[in-house]
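The values are calculated or read from the model by the stated rules, or taken from the named source; none is laboratory data. Predicted model, so just to flag it, every value in this text is computed and none were measured. Don't worry about glycine lacking a Cβ; one is built from the backbone with ideal geometry, like all the others, and counts go over all protein chains shown. Surface areas here come from the heavy atoms of the whole protein model, side chains and all, with no ligands, DNA or RNA. Shrake-Rupley method; radii C 1.70, N 1.55, O 1.52, S 1.80 Å.
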Amino acid sequence: MRKIYSYILFLSITFLSSCSLETESYTQLNMDNFYTKDLAFTALTGCYDGLQVLGGFGFPLVSEIMSDDCFGGAGAADGYGIQAIDEFNKDRSPSDTDLFNDNWKTYYKAIYRCNVFLLKMQDADWGEDEALRKTYVSEAKFIRAYLYFDMVRMWGNIPLVLEPSPDNIPQANPDDVYTAIANDLLYATENLPSTAYNSVDNGRVTVWAAKSLLARVYLYYTGYYGKTDLVGLVTKAQALQHLEDVITSSGHGLVNDFSTLWPAASVGSYAGEDNKEVVFSIKYTYTSDYNGNSDGNPWMVMFGMREFSYVPYGFGWGVTVNSKLWNAYSANDTRRVATMIGVEEEGIPFDKLNSQREYTGYYNKKYSPMSELDGNGNVVSVVDGFGGTNFQIGQFQDYTVMRYADVLLMAAELGSANAQTYFDQVRQRAYKANFVSMPVNQANIMKERHLEFALEGIRYWDLLRQGVSVAAAEIAETRTILSGGVSETKTITAAKIEAAKGLSQIPNSQITLTGGVLKQNAGW
């Protein structure tokens, strides 16, 4: 069953004033009576909703555009802001100085919700239910850690706010941000119950999600910053042990058929949003409207074929997939056709070349909007079939943050005694009867991660944690490509990526609002 998170705005809590200090409202919620044991879950739901409403260029979308697997694409008549992101080149669209302003604002709004919740939970009277209080606190800490991990990877230099504050806070040393992330996740690993994943409500944080995310943070931090441990708080051995715990005790496992993980790749055989491979996901639903109810997936429509529907694929705005990715798979790898829409390979009569910029013939199948035939044989958005407002705001496929396959490959990378077994499990599913074993080593693991997690918002960070120069060399490309039906030269230079250290533009509006306390990242 889809778990719909209510859209809760903390700003909607009524703050009451009175000439009498003894006056207390018993009918309206305020900051004094909202954060109680009885209402704690409602407040926690607001923290989860902070994940759901993250706006602007969604993190998974941006992660793919910056990687070597996608081009910015979009419309031939659109501005070039998305190309500026893709090419790490502010000169592509000099007027776009606020590319990520919506992202920045929604991240800090979400963090504010978590901070208020955590502050208020310190004083709430829980009586004999202290374990439940710790569970709720752990979930909020996980969400805050998740948000900061997104932000510190994107921008590198961000204000660290761990309590509600009106102060103009300067950017923190990234080590301080990672310390906060590690502490939050460690708390969650120590205080969430060690119950099987399927005994927890769909979409809720589990101890297994906390352990898995902690290992991902460890691998990224130690790789990108060239360190041997996670800010002195988590060693390699400890990160591995957390993953071994997930493998041994969580109940998670691989689904039998890779394609069934993705709705558009498995029409009629989808494994479901709460299948055993999903360690953590961000939940969405189709109930969004234009009156402030934002429950849909805000970025998935960008991956759809440009202005074109072909059952089961839906209308979208045309972020394109690099043809190099198709060629990276062998013909025996079942993941290729489950990962990408191949226009020519599938005989799709795509006729929007004049509308599509940076056309490659390939699109993201894992996160493609979907279409179906209505009762009159017309192609319509699946969103319409559920009564959603429209395809643009009503996409409702969950974003799978962490899969069990990732747990297996991270454990192999960290040197598990079972590394070859874990590595083979992932590859056996991909190749089925055509499986041939290969030795487990760093190069092969990174190659496998590319093929397994392509177009899921992971590839760019896997490149970057191998070194900025490694990522830049892999992403850099000059090629002839069709834009608006006309050939043009597309150039992504390694020098631009290295100058920015792989980081993104900090919104100029935020720099201005702080009176210059915030500083722009190099290269932007």
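Considering every residue within the stretch 237-247, establish whether at least one is farther than 25 Å from Val217 by Cα and assigned to a helix (DSSP H, G or I).
No; the residues of the stretch 237-247 include none that is farther than 25 Å from Val217 by Cα and assigned to a helix (DSSP H, G or I).
Would you call Gln425 modelled with pLDDT of 95 or more, crowded, with 17+ Cβ neighbours inside 10 Å, assigned to a helix (DSSP H, G or I) and not charged (D, E, K, R)?
So Gln425 fits the description; yes.
(1) open to solvent by 60 Å² or more (accessible area, probe 1.4 Å); (2) within 23 Å of the chain's Cα centre (by Cα): which one isn't true of Leu185, the others all being true?
(1)
Applying the selection to the stretch 229-256, what residues are open to solvent by less than 10 Å² (accessible area, probe 1.4 Å) and either in contact with a strand residue (DSSP E or B) (Cβ under 9 Å, 6 or more places away or on another chain) or at pLDDT below 95 (or both)?
Ala239, Val246, Ser250
Would you mind finding the one in Gly342, Gly377, Gly388 that is modelled with pLDDT of 95 or more and either over 27 Å from Lys490 (Cβ atoms) or within 25 Å of the chain's Cα centre (by Cα) (or both)?
So the residue among Gly342, Gly377, Gly388 that is modelled with pLDDT of 95 or more and either over 27 Å from Lys490 (Cβ atoms) or within 25 Å of the chain's Cα centre (by Cα) (or both) is Gly342.
What residue, among those in the stretch 306-332 that are farther than 18 Å from Gly58 by Cβ and aliphatic (A, V, I, L, M), is surrounded by the most Cβ atoms within 10 Å (Cβ to Cβ)?
Selected residue: Leu325.
Quick check, is Asn376 under 19 Å from Ile82 (Cα atoms), of a type outside the set (Phe, Trp, Tyr) and out of contact with any Lys or Arg (no Cβ under 9 Å at 6 or more places or on another chain)?
Against the criterion (under 19 Å from Ile82 (Cα atoms), of a type outside the set (Phe, Trp, Tyr) and out of contact with any Lys or Arg (no Cβ under 9 Å at 6 or more places or on another chain)), Asn376 does not qualify.
When the stretch 428-443 is examined, which residues are found to be buried (at least 20 other Cβ atoms within 10 Å of the Cβ) and outside any loop (DSSP other than H, G, I, E, B)?
Scanning the stretch 428-443 gives a single hit, Ala430.
The conditions are (1) open to solvent by 10 Å² or more (accessible area, probe 1.4 Å); (2) on the phi < 0 side of the Ramachandran plot, and Gly226 fails exactly one of them. Which is it?
Going through (1) open to solvent by 10 Å² or more (accessible area, probe 1.4 Å); (2) on the phi < 0 side of the Ramachandran plot one by one, Gly226 breaks only (2).
When the residues of the stretch 409-419 are filtered to those that are within 28 Å of the chain's Cα centre (by Cα) and not aliphatic (A, V, I, L, M), which remaining residue is least open to solvent (accessible area, probe 1.4 Å)?
Selected residue: Ser416.
Got a sec? Which of Ser294, Ser266, Ser281, Ser288 is within 19 Å of the chain's Cα centre (by Cα) and either modelled with pLDDT under 95 or closer than 30 Å to Ile348 by Cα (or both)?
Step by step, each of Ser294, Ser266, Ser281, Ser288 is checked, and only Ser294 is within 19 Å of the chain's Cα centre (by Cα) and either modelled with pLDDT under 95 or closer than 30 Å to Ile348 by Cα (or both).
So, in the stretch 188-201, of the ones that are open to solvent by 30 Å² or more (accessible area, probe 1.4 Å) and assigned to a loop (DSSP other than H, G, I, E, B), which residue ends up nearest to Ile282 (Cα to Cα)?
Applying the filter and picking the extreme gives Asp201.
Restricting the search to the stretch 85-128, which residues are of a type in the set (Phe, Trp, Tyr), in a helix (DSSP H, G or I) and either modelled with pLDDT under 95 or open to solvent by less than 20 Å² (accessible area, probe 1.4 Å) (or both)?
Listed by number, the residues that qualify are Trp104, Tyr107, Phe117.
Which of the residues spanning the stretch 484-496 are aliphatic (A, V, I, L, M), part of a strand (DSSP E or B) and crowded, with 16+ Cβ neighbours inside 10 Å?
Ile492
Among the residues of the stretch 395-408, are any more than 22 Å from Gln52 (Cβ to Cβ) and open to solvent by 10 Å² or more (accessible area, probe 1.4 Å)?
Yes, because at least one residue in the stretch 395-408 is more than 22 Å from Gln52 (Cβ to Cβ) and open to solvent by 10 Å² or more (accessible area, probe 1.4 Å).
Select from the stretch 444-478 the residues that are assigned to a loop (DSSP other than H, G, I, E, B), surrounded by fewer than 20 Cβ atoms within 10 Å (Cβ to Cβ) and among the hydrophobic types (A, V, I, L, M, F, W, C) and list them in ascending order.
Scanning the stretch 444-478 gives a single hit, Ala476.
Would you point out which residue out of Ile481, Ile506 is open to solvent by less than 30 Å² (accessible area, probe 1.4 Å) and assigned to a loop (DSSP other than H, G, I, E, B)?
Ile506
Residues in the stretch 142-163: is at least one of a type in the set (S, T, N, Q), closer than 20 Å to Asn101 by Cα and either open to solvent by 10 Å² or more (accessible area, probe 1.4 Å) or modelled with pLDDT under 95 (or both)?
The answer is yes; a qualifying residue exists.
Counting just the residues of the stretch 346-384 that are open to solvent by 60 Å² or more (accessible area, probe 1.4 Å) and in contact (Cβ under 8 Å) with a residue 60 or more places away in the chain, which one comes out farthest from Tyr270 (Cα to Cα)?
Out of the qualifying residues, it is Asn354.
Only one of (1) over 22 Å from Tyr178 (Cα atoms); (2) without any contact (Cβ under 8 Å) to a residue 24 or more places away in the chain fails for Gln238. Which number is that?
With respect to (1) over 22 Å from Tyr178 (Cα atoms); (2) without any contact (Cβ under 8 Å) to a residue 24 or more places away in the chain, Gln238 is out only on (1).
Return the residues of the stretch 257-278 that are open to solvent by 10 Å² or more (accessible area, probe 1.4 Å) and not in a loop (DSSP other than H, G, I, E, B); say none if nothing qualifies.
Ser259, Thr260, Leu261, Pro263, Ala265, Val278
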